[in-house]
Amino acid sequence: GAEWGGGRGDPPVVGPLHLEPMRYAPLAREHGWYAVRVLSVFVGDVEITAPGADPSVLRGFNDGKGTIVDSGTTDTFLPAASEKPVAAVWKIATGRRYSNRSEAYSHDEFRRLPTITLNIEGGIVWSIRPEAYMEWNRDKTPLAG
């Protein structure tokens with residue numbers, strides 16, 4: 001989204017800003033979308049696709065259309081198969097039950113939200129910080145959902 005500058009008449013600053021040089025991953029499919037192959041997924045420090053974990057979680061990131069990376073959209077979706085392990089880690093990290101509904105978080109609660117990291121074929125580590133997957137409420141409180 002765009003954020004407005006500090007003074008009247010300042011142009012919008014379009015984000016997010018790149019914190020490191022652009023990197024490229026090989027396409028996983030030739031179906032018209034930018035699908036990549038996910039090798040592992042972490043929620044905070046917990047690998048939800050670790051050996052011994054439910055194999056349907058990693059398959060959920062790679063089967064069907066796969067994981068599509070599209071900078072032209074503002075929506076991020078995780079596969080349904082990841083809901084239980086994500087919810088378990090969310091509860092531990094935040095003390096709150098995960099919900100797909102709109103919920104307000106205090107600043108302290110926001111600071112405890114986990115980073116979601118996808119390790120993608122080609123040596124790409126994509127870390128999605130809370131400020132990238134949360135929206136802000138009108139009163140400037142973080143809003144999930």
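Yes or no, residue by residue, for (1) closer than 24 Å to residue 49 by Cα; (2) modelled with pLDDT under 85; (3) in contact with a Leu (Cβ under 9 Å, 6 or more places away or on another chain):
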{"position": "106", "(1), (2), (3)": "no, yes, no"}
{"position": "124", "(1), (2), (3)": "yes, no, yes"}
{"position": "127", "(1), (2), (3)": "yes, no, yes"}
{"position": "134", "(1), (2), (3)": "yes, yes, yes"}
{"position": "138", "(1), (2), (3)": "no, yes, no"}
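The residues in the stretch 54-75 that are under 19 Å from residue 86 (Cα atoms) and modelled with pLDDT under 85 can be counted, and the count is 1. Among the residues of the stretch 77-88, at least one is among the acidic types (Asp, Glu), at pLDDT 85 or above and either in a helix (DSSP H, G or I) or open to solvent by less than 40 Å² (accessible area, probe 1.4 Å) (or both). Does residue 39 satisfy the condition of being closer than 25 Å to residue 131 by Cα and outside any helix (DSSP H, G or I)? In short, yes.
The values are calculated or read from the model by the stated rules, or taken from the named source; none is laboratory data. The shown structure was predicted, so the numbers you read here are calculated from the model rather than taken from an experiment. All Cβ positions, even for glycine, are placed from backbone atoms using ideal geometry, and neighbour counts span all protein chains on display. These accessible areas exclude ligands, DNA and RNA; they are computed on the full protein's heavy atoms, side chains included. Shrake-Rupley method; radii C 1.70, N 1.55, O 1.52, S 1.80 Å.
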